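A short worksheet on the structure shown next.
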Amino acid sequence: MVKRSIKTILIILTLSLSIYNFNLIQNRGNVTIDFVNVGQGDSALISSANGRHMLIDAGKADSKTKENISSIAYMRSIGVKKIDILSLSHYDDDHSGAAEAISELFDIEMLFVPEPKDDKDIIAFSQIAKALPDETNVFFPETNDEVKIGEDITIKVLSINNDGKESNDRSLILRIDAFDNSAIFTGDMDLKMEKNLLGARTKEELDIDIAKVGHHGSKNASSAEFYKALTPIYSIISVGKNSYGHPTDEAMNNILASGSKIYRTDKDGGVRFIISKTGIKEKKI
């Protein structure tokens, strides 16, 4: 495991494209974002036109057999063998629980995660780090950092608060741009974080097409003001059976008021967004 600078990592990611062995996913000039049904948790796979992959969050380790963990089973079913970037929004089990098993079973070029701050985060990070291939680069991003996957996907850190008191407060907020379309991944950000993001970012930066709904549709996220700024075409709530009341009516109503179409993984299963130069199409997976 090697920690390197962001400039070095960008060079590595760009150069390795020329020698990358394309796997079974060939998107024929398109970028895809697959929101995987992992129950009460988060996991999304972003794939470039040339078969490179970024996994944002891993979901839980929801099976005793590693190969049957939801996120792992899905990636294997579509032929993923290498993950160029494994990114975790934070270290809660429903977002990072399967990361250790993923690190053991897949080649991973870069781990892109918040710097662990408290004992729980440090333990979770240490377990993942021990399982990583030796050649994996580990990077702790800061606000405004950018990385690319090939030529068609740009990942920008919109916000990360390393001084947050709890793991949720330190969620890594990412904007993904592919062609002329964009997506936002919000981890378990809450109402306060939404307000801070509204104050820190321009209207253009927050005008997105696909929104991963924060904190599984919790009452403490997805304000009307935030979704009015985002104006997403699609919003995805990654949720399963739970005792928290997720997603709440309040969150649902705020999202719907923005004009967004909502997908819920507990009712709709996984969903794929196909992004091309002509726009976005969606289908269930």
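For this structure, a couple of remarks:
- Among [x] 26, 21, 19; [y] 40, 21, 19; [z] 68, 22, 14, the entry that matches semi-axes √(5λ) of the Cα gyration tensor in Å as calculated here: [x]
- About the Cα centre, charge dipole magnitude for the chain (Lys/Arg +1, Asp/Glu -1 at Cβ), debye: 700 debye
- Rounded to the nearest 20, the size of the Cβ-charge dipole of the range 121-258 about its Cα centre is 460 debye, with Lys and Arg at +1 and Asp and Glu at -1.
- Computed E for K130/N253 - FRET, C-beta separation, R0 51 angstrom, nearest 0.05: 0.70
- Under the span-like rule (Cα at least 15 Å along the axis, Kyte-Doolittle mean at least -0.5), DSSP H helices of the chain: 119-131
- Taking all Cα pairs closer than 8 Å and separated by 6 or more residues, the relative contact order of the chain comes to 17 percent.
- Sequence of F140, F112 once ranked by neighbouring C-beta atoms within 10 Å, starting from the fewest: F140, F112
- Database remark: amide H of I262 closer than 5 angstrom to the amide H of S235 (H placed geometrically; neighbours at sequence offset of 5 or more, or on other chains; Pro and chain starts carry no H).
- Each Cα pair under 8 Å and six or more residues apart adds its separation to the average, and for the range 83-241 the resulting relative contact order is 16 percent.
- Residue by residue, the range 174-187 carries 3J(HN,Hα) couplings of 10, 10, 10, 10, 9, 6, 9, 10, 9, 9, 10, 10, 10, x Hz when phi is fed to the Karplus relation 6.51 cos²θ - 1.76 cosθ + 1.60 (θ = phi - 60°); x denotes Gly or Pro.
- For the chain, with +1 on Lys and Arg beta carbons and -1 on Asp and Glu, the positive-most of F140, G269, A61 along the dipole: G269
- Listing Y244, Y263 from fewest to most neighbouring C-beta atoms within 10 Å gives Y244, Y263.
- Projected label distance in nm at E204 and K64, using a 7 Å step from Cα toward the beta-carbon: 5.6 nm
- Put in order of Cβ neighbour count within 10 Å, fewest first, the listed residues K284, K60 become K284, K60.
- Highest mobility in the GNM of the chain, judged by mean-square fluctuation with C-alpha springs under 10 Å and restricted to I274, I83, I108, is found for I274.
All of the numbers you see were taken from the coordinates with simple rules; none came from a lab. Note that this is a predicted model, so its numbers are computed, not measured. Note that we place each Cβ from the backbone using ideal geometry, even for glycine, and neighbour counts take in every protein chain shown.
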